[in-house]
Amino acid sequence: RHERRVEMGDAEAVFDVAHESDRPFVVVAGDREIRVLGTRFDVRNRRGEQSVAVARGVVAVRPLASAPGDAFRLTAGTRLDHVAGEAASKVSTAGGEDALAWTSGAAVYHDRTVADVAADLSHYASRPVRPADPATARLKFSGVLRLDEGDRAVEDLTRVAPLSLTVTPEALLLRAR
């Protein structure tokens, strides 16, 4: 009645929220609370890692009462990345509309690890996508991948990055070439 509230599990969602001073909009993701001041933004809560990217407007991100860390005010074009349980959060200028690209069938990556990209692609592919070894997992990738054909995005990744693909019954394995 006095607050609009969303509690996210392991998920990603885009919110386009109208400002209502008497009913704030709050999203809880992991150990962070995002308070909206009228905006369009993306919240991702996966594997204990949270990110908030603002496309328009302003959001305030703060730790829950039981969690360590500082509060941040994010404006359009900024992004906050956080690992649950840690006090530190990273704020960068990457974000905004790139973070919302998945809503139109694309994923935009800026200097992300292959492990992160594989975890994202697992949500669209026919089976889990995994790096074959720790060295492959740590490789960095920047680029745009189409998501609308599932396994095709993984194949496209191997065309534009120095990776090969091995298909097993359990997973799609990426290996550094």
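Give me a count of the residues in region 29-39 that are part of a strand (DSSP E or B) and under 15 Å from the mean Cα position of the chain (by Cα). Reasoning before the result, please.
At the first step, the residues of region 29-39 found to be part of a strand (DSSP E or B) are 29, 32-36, 39.
When the remaining residues are screened for being under 15 Å from the mean Cα position of the chain (by Cα), the result is 29, 32, 34.
Going through region 29-39 one residue at a time, the tally reaches 3.
From the list R32, R23, pick out the single residue that is surrounded by fewer than 17 Cβ atoms within 10 Å (Cβ to Cβ) and in contact with a strand residue (DSSP E or B) (Cβ under 7 Å, 6 or more places away or on another chain). Residue meeting the stated conditions: R23. If the condition is being surrounded by 17 or more Cβ atoms within 10 Å (Cβ to Cβ) and not in a loop (DSSP other than H, G, I, E, B), then region 59-80 contributes V59, V61, P63, F72, L74, R79, L80. The lone criterion from (1) open to solvent by less than 20 Å² (accessible area, probe 1.4 Å); (2) without any contact (Cβ under 8 Å) to a residue 40 or more places away in the chain left unmet by D42 is number (2).
Residues checked against (1) of a type in the set (V, I, T); (2) farther than 19 Å from G48 by Cβ; (3) open to solvent by 30 Å² or more (accessible area, probe 1.4 Å):
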position: A115; (1), (2), (3): no, no, yes
position: S126; (1), (2), (3): no, yes, yes
position: A132; (1), (2), (3): no, yes, yes
position: T136; (1), (2), (3): yes, yes, no
position: K140; (1), (2), (3): no, yes, yes
position: L145; (1), (2), (3): no, yes, no
position: G150; (1), (2), (3): no, yes, no
position: V154; (1), (2), (3): yes, yes, no
position: L157; (1), (2), (3): no, yes, no
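Being among the polar types (S, T, N, Q) and in contact with a Lys or Arg (Cβ under 7 Å, 6 or more places away or on another chain) is the filter; apply it to region 159-171 and report the residue that is most open to solvent (accessible area, probe 1.4 Å).
T166
What residue, among those in region 47-58 that are crowded, with 18+ Cβ neighbours inside 10 Å and of a type outside the set (S, T, Y), is farthest from the chain's Cα centre (by Cα)? Steps first, please.
Just the residues of region 47-58 that are crowded, with 18+ Cβ neighbours inside 10 Å, to begin with: 50-55.
Those still in the list that are of a type outside the set (S, T, Y) too: 50, 52-55.
Numbers: Q50: 7, V52: 7, A53: 8, V54: 12, A55: 14 Å.
The selected residue is A55.
When the criteria are applied in full, A94 meets the requirement of being in contact with a Lys or Arg (Cβ under 6 Å, 6 or more places away or on another chain), closer than 30 Å to R175 by Cβ, modelled with pLDDT under 90 and crowded, with 16+ Cβ neighbours inside 10 Å.
Considering only residues that are assigned to a loop (DSSP other than H, G, I, E, B) and of a type outside the set (D, E, K, R), which ones fall in region 40-58? G48, G57 - these are the residues of region 40-58 that are assigned to a loop (DSSP other than H, G, I, E, B) and of a type outside the set (D, E, K, R).
Here is a yes/no grid of residues against (1) touching a Ser or Thr at 6+ places or on another chain (Cβ under 9 Å); (2) closer than 17 Å to V108 by Cβ:
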site: R127; (1), (2): yes, no
site: P134; (1), (2): no, no
site: R138; (1), (2): yes, no
site: R146; (1), (2): no, yes
site: T158; (1), (2): yes, no
site: L165; (1), (2): yes, no
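Grab the strands (runs of 3 or more DSSP E) fully contained in region 100-177, keeping just those with 2 or more residues being at negative phi and in contact with a Pro (Cβ under 7 Å, 6 or more places away or on another chain).
Details: elements: 106-113, 129-131, 140-146, 163-167, 172-176.
The qualifying strands (runs of 3 or more DSSP E) are 172-176.
The values are calculated or read from the model by the stated rules, or taken from the named source; none is laboratory data. All values derive from a computational prediction rather than experimental measurement. Please note: Cβ atoms are built from the backbone with ideal geometry, for glycine as well, and neighbour counts cover all protein chains shown. Just the protein is used for accessible areas: all its heavy atoms, side chains included, with ligands, DNA and RNA removed. Shrake-Rupley method; radii C 1.70, N 1.55, O 1.52, S 1.80 Å.
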